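K.L.:
Sharing a structure, written as structure tokens. Questions coming.
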Amino acid sequence: MVTAITWTNAETPSIRVIDQTLLPIEERYLELQTVPELVDAIKRLVIRGAPALGVAGAYGVALAKAQSDREGWDNQTFEDAVSSIRDARPTAVNLAWGVDQVMDASALGVDAVVERAAIIAREDEEANRQLSRFGADWLLQTIGKDRLRIVTHCNTGALATAGWGTAYGIIHELHQRGAVELVYADETRPLLQGSRLTAFELMKDGIPYVIEPDGAASSTILRGLADVAMIGADRIAANGDSANKIGSVALALAAKRAKIPFLVAAPFSTVDLETPHGQDIEIEERGDDEVLSFGACRAAPKDARAFNPAFDVTPHDLIAAIVTERGVTIPNSNPEDNSPIFFAANTREESQ
Ligand code: MRU
């Protein structure tokens, strides 16, 4: 299993990440030594995926503290540096959550923050393994077939987390139980997270798969070629509305029509009880080039402009189940009812 992010106590303390913009062609690791380097890596999707961003946020505070000690920053400079990490991408709540979880340890020094961040990373992997067991049990019971055909979108595996994966973790768990017939991996905008990263992980894990264009996914579901569609999440609002990679909502709409389950899998750190409704989730908009170019080549006419939202929000009534490490939650099926849904425990557990 590839580790997306770790801390290194080298001469200059740094965050070590695998450069996800280069996979699977090249497995190159980067040592990020300063806050601007980390912020740039987050914005360019070198490190990406909501739970991995949570870990990046937590280690980012340690990085800021180390840089502050080295360069003799005042308090304001340190706080501004931390804010730049917190705000590097707006949609995945895990990034800000990871920062907030370790901030009070920063008064105790770099080692204290690193220790806290390592616990967050370890707990994320444990959460993913637990939710994968819950998800696999629920799917096999609900669908009643021995082997499943699965549509998934974006990358939700070890690369997107501290380890194991969320929706991908469920696929991995099902595979270990001999219960995967075929995975349709959507190619995914903007950087082909599906065809590069999910396919890389599926290949390494020996799970049968094909890559399909994003635009094929709803048709695959409507043609009866899939038993379930499942995704991860970047932020789950209190009413169950779930933000995830752009294109996710098309799978949910098709799944509803085809009467197959649409499942959202995420650690509880992705649940944002302070955001009541999906409409309140800020959607990251990215640069024009990702849409107007094909690889390094400009594809669109010279004056064309792009609309490039990185995420969409699936309304709670289209979601059959939300799986976290706390269990399986069935959202309210009434689109008009936006009251908070009952997750296993409606409090966020603080990492110690
Ligand atoms: O833009 P990305 O690659 O960070 O988007 C990632 C996703 O949308 C994932 O599905 C989500 O973060 C869940 S990862 C377990």
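The values are calculated or read from the model by the stated rules, or taken from the named source; none is laboratory data. Computed from a predicted structure; not experimentally measured. Because the Cβ atoms are built from the backbone with ideal geometry, glycine has one as well, and the counts that use them run over all protein chains shown. Just the protein is used for accessible areas: all its heavy atoms, side chains included, with ligands, DNA and RNA removed. Shrake-Rupley method; radii C 1.70, N 1.55, O 1.52, S 1.80 Å.
K.L.:
Please compute the per residue accessible area over the chain with all protein chains in place, 1.4 Å probe, rounded to a whole number of Å². Numbers along the way, then the final one.
P.N.:
Values: 14590 Å² over 352 residues.
Here the per-residue accessible area is 41 Å².
K.L.:
Report, in cubic angstrom per residue, the convex hull volume of the C-alpha atoms of region 239-281.
P.N.:
83 Å³
K.L.:
Roughly how many debye, to the nearest 20, is the charge dipole of the chain about its Cα centre, given +1 on each Lys and Arg Cβ, -1 on each Asp and Glu Cβ, and no other charges? Display every interim value, and only then the final one.
P.N.:
Values: 32 positive and 51 negative charges, 261 e Å.
Taking the Cα centre of the chain as origin, the dipole is about 1260 debye.
K.L.:
Given charges of +1 on the Cβ of Lys and Arg and -1 on the Cβ of Asp and Glu, with all other atoms neutral, how large is the dipole of region 251-352 about its Cα centre, in debye to the nearest 20?
P.N.:
Working: 9 positive and 17 negative charges, 119 e Å.
Taking the Cα centre of region 251-352 as origin, the dipole is about 580 debye.
K.L.:
Considering only protein heavy atoms and a 1.4 Å probe, what is the carbon-and-sulfur percentage of the accessible area of region 105-145? Don't skip to the answer; put the middle values down first.
P.N.:
On the way: 980 of 1990 Å².
Roughly 49 percent, rounded to a whole number.
K.L.:
Rounded to the nearest 0.05, what FRET efficiency is calculated for ARG133 and GLU274 with R0 set to 30 Å and r the Cβ-Cβ distance? Spell out each step's value before the answer.
P.N.:
Details: r = 29 Å, r/R0 = 0.95.
Working from the Cβ atoms, E equals 0.55.
K.L.:
Could you pull out every residue, at least 5 positions away or on a different chain, whose amide H is within less than 5 Å of the one on ILE341? Hs are placed 1.01 Å off N in the peptide plane, and Pro or chain starts have none.
P.N.:
Excluding prolines and chain starts, which carry no amide H, the hits are ASN239, GLY240.
K.L.:
Sort the following peptides by mean Cβ neighbour count (other Cβ atoms within 10 Å, averaged over residues), highest first: 24-31, 263-270, 56-63.
P.N.:
Result, highest mean first: 56-63, 263-270, 24-31.
K.L.:
Quick check: at a probe of 1.4 Å, how many percent of the accessible area of region 260-347 sits on carbon and sulfur atoms? Intermediate values should be presented prior to the final figure.
P.N.:
Values: 2410 of 4490 Å².
Taking all protein chains in place, region 260-347 shows 54 percent carbon and sulfur surface.
K.L.:
Using the Kirkwood formula over every pair of different C-alpha atoms, what hydrodynamic radius in Å results for region 276-350?
P.N.:
With all distinct Cα pairs of region 276-350 included, I get 15.8 Å.
K.L.:
With the cut-off at 32 Å, tell me which of the pairs LYS259/LYS302; LYS43/LYS145; LYS256/LYS302; LYS204/LYS245; LYS145/LYS245 have Cα atoms farther apart than that. All intermediate terms of the calculation are to be shown ahead of the outcome.
P.N.:
On the way: LYS259/LYS302 43 Å; LYS43/LYS145 41 Å; LYS256/LYS302 40 Å; LYS204/LYS245 23 Å; LYS145/LYS245 28 Å.
Checking Cα-Cα distances, LYS259/LYS302; LYS43/LYS145; LYS256/LYS302 exceed 32 Å.
K.L.:
Report the equivalent ellipsoid semi-axes for the chain in whole Å, largest first, defined as the square roots of five times the eigenvalues of the gyration tensor built from alpha carbon atoms.
P.N.:
Each semi-axis is √(5λ); the values are 32, 23, 20 Å.
K.L.:
Another question, then. Under 12 Å from a point placed 7 Å out from the Cα of LEU182 along the Cα-to-Cβ direction: which residues of region 150-173 have their backbone N that close?
P.N.:
150-151
K.L.:
Another question about this same structure. For SER333, what is the net charge nearby, where nearby means another residue's Cβ is under 12 Å from its Cβ and Lys, Arg count +1, Asp, Glu -1? Please list the in-between numbers first.
P.N.:
Details: positive: LYS256; negative: ASP317, GLU336, ASP337.
Here the charged neighbours net out to -2.
K.L.:
Could you please tell me the mean projected area of the C-alpha convex hull for region 59-215, averaged over all directions and given in square nanometres to one decimal?
P.N.:
Working: hull surface 42.8 nm².
Averaged projected area of region 59-215's Cα convex hull equals 10.7 nm².
K.L.:
What does the net charge come to around GLY135 if you take all other residues with beta carbon closer than 13 Å to its beta carbon, with K and R at +1 and D and E at -1? Mind showing how you got there, number by number?
P.N.:
Numbers: positive: ARG129, ARG133, ARG177, ARG326; negative: ASP137, GLU173, GLU325.
Taking every Cβ under 13 Å from that of GLY135, the sum is +1.
K.L.:
Also, I was wondering about something else. Tell me the mean residue ellipticity at 222 nm calculated for the chain from its helices only (DSSP H runs of n ≥ 4, each -39500 (n - 2.57), averaged over every residue, nearest 500).
P.N.:
Result for the chain: -11000 deg cm²/dmol, rounded to the nearest 500.
K.L.:
Right, here's the next one. When you count, for each residue, the other Cβ atoms within 10 Å and take the mean per peptide, how do 65-72, 293-300 rank with the highest first?
P.N.:
65-72, 293-300
K.L.:
Considering the Cα positions of region 193-310, please state its Rg to one decimal place and its Dmax as a whole number of Å.
P.N.:
16.5, 45
K.L.:
Quick one: compute the contact order of the chain, relative version, from alpha carbon pairs under 8 angstrom and 6+ residues apart, as a percent.
P.N.:
Values: 773 pairs, mean separation 56.1, N = 352.
Value for the chain: 16 percent.
K.L.:
Let me ask something else about it. Using Cα atoms only, what is the angle between the long axis of helix 93-102 and the major principal axis of the chain, expressed in degrees (0 to 90) to the nearest 10?
P.N.:
So the inclination is approximately 40 degrees.
K.L.:
Now for a different question. Among THR166, ALA226, LEU192, flag the residue with its Cα farthest along the positive direction of the charge dipole of region 78-229, charges on Cβ as +1 for Lys/Arg and -1 for Asp/Glu.
P.N.:
Farthest along the dipole direction, towards plus: ALA226.
K.L.:
Quick one: angle between helix 50-71 and the longest Cα principal axis of the chain, in degrees between 0 and 90, rounded to 10, please.
P.N.:
It works out to around 10 degrees.
K.L.:
Looking at region 26-74, I'd like the Rg to Rh ratio, where Rg is from alpha-carbon atoms and Rh is Kirkwood's inverse mean 1/r.
P.N.:
Values: Rg = 11.6 Å, Rh = 11.5 Å.
When Rh is taken as the Kirkwood radius, the ratio is 1.01.
K.L.:
Further, regarding this structure: Would you grab the residues whose amide H sits under 5 Å from the one on ALA321? Only those 5+ places off in sequence or on another chain, please, with H modelled 1.01 Å from N.
P.N.:
PHE262, VAL264
K.L.:
If I fit a long axis through the Cα atoms of helix 248-258 and take the longest principal axis of the Cα atoms of the chain, what angle between them do I get, 0 to 90°, rounded to 10?
P.N.:
With rounding to tens, the tilt is 20 degrees.
K.L.:
Moving on to the next point. In whole Å, largest first, what are the principal axis extents of the Cα atoms in region 176-249?
P.N.:
Sorted from largest, the Cα extents of region 176-249 read 36, 27, 27 Å.
K.L.:
Taking a spot 7 Å from the Cα of THR6 along the direction of its beta carbon, which residues of region 115-136 have an amide N less than 20 Å from it?
P.N.:
115-129
K.L.:
Grab the other residues whose beta carbon is less than 12 angstrom from that of ALA199, score K and R as +1, D and E as -1, and report the net.
P.N.:
Numbers: positive: ARG196, LYS204; negative: ASP186, GLU187, GLU201, ASP205, GLU212.
In short, -3.
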